[in-house]
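**Student:** Here it is, the structure, as structure tokens.
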Amino acid sequence: MPARDFLDACPDAVSAKLLAVVKAVADAPPPAFSGGASGKPCTEPWRESMRSADGPGRRHYRLFCLLERDGAALGLGGPSLVLLTGRTKAFRAVIPESDYAKVRALRDEYQRRRPRSVWAG
């Protein structure tokens, strides 16, 4: 549950903002959601639902999610927004490619599961 651990470690205001954005994305009809944090079309599905928030000390918090449009066929009960993990970075810093590789590895491990296993807490 890397996403849960990440959110638990975030300042309360940051995790509340991230979860509010996640809820808004999850509640929107899938065609209404067009991209990642920049709003531009994305080439990787996990980047489709990358959410960000700023916190104390100009620290930037990024939550990586996976949009499962065909969640019903995967045992999720319907379209789902799956929270994968999160990362923090200093203002204007770049998240290292090695961190993105870890996010992709989590996504790939999750997608190999049939049916998908989720914690809906």
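The values are calculated or read from the model by the stated rules, or taken from the named source; none is laboratory data. All figures in this text were calculated on a predicted structure; none of them were measured in a lab. In this analysis, Cβ positions are derived from the backbone assuming ideal geometry, glycine residues included, and neighbour counts consider all displayed protein chains.
**Student:** Hey, among the residues in segment 70-84 that are in contact with a helix residue (DSSP H, G or I) (Cβ under 8 Å, 6 or more places away or on another chain) and free of Cβ contacts under 8 Å to residues at least 40 places away in the same chain, which one's surrounded by the most Cβ atoms within 10 Å (Cβ to Cβ)?
**Tutor:** Top of the filtered list is V82.
**Student:** Under 9 Å between Cβ atoms, at least 6 apart or on separate chains: pull out the pairs that start in segment 99-121 with a residue that is closer than 16 Å to L81 by Cα and modelled with pLDDT under 85 and end on any residue that is among the hydrophobic types (A, V, I, L, M, F, W, C) and surrounded by fewer than 16 Cβ atoms within 10 Å (Cβ to Cβ).
**Tutor:** W119/M1; G121/M1
**Student:** Filter segment 16-29 down to residues that are free of Cβ contacts under 8 Å to residues at least 24 places away in the same chain and in a helix (DSSP H, G or I) and give me whichever is nearest to G78 (Cα to Cα).
**Tutor:** D27
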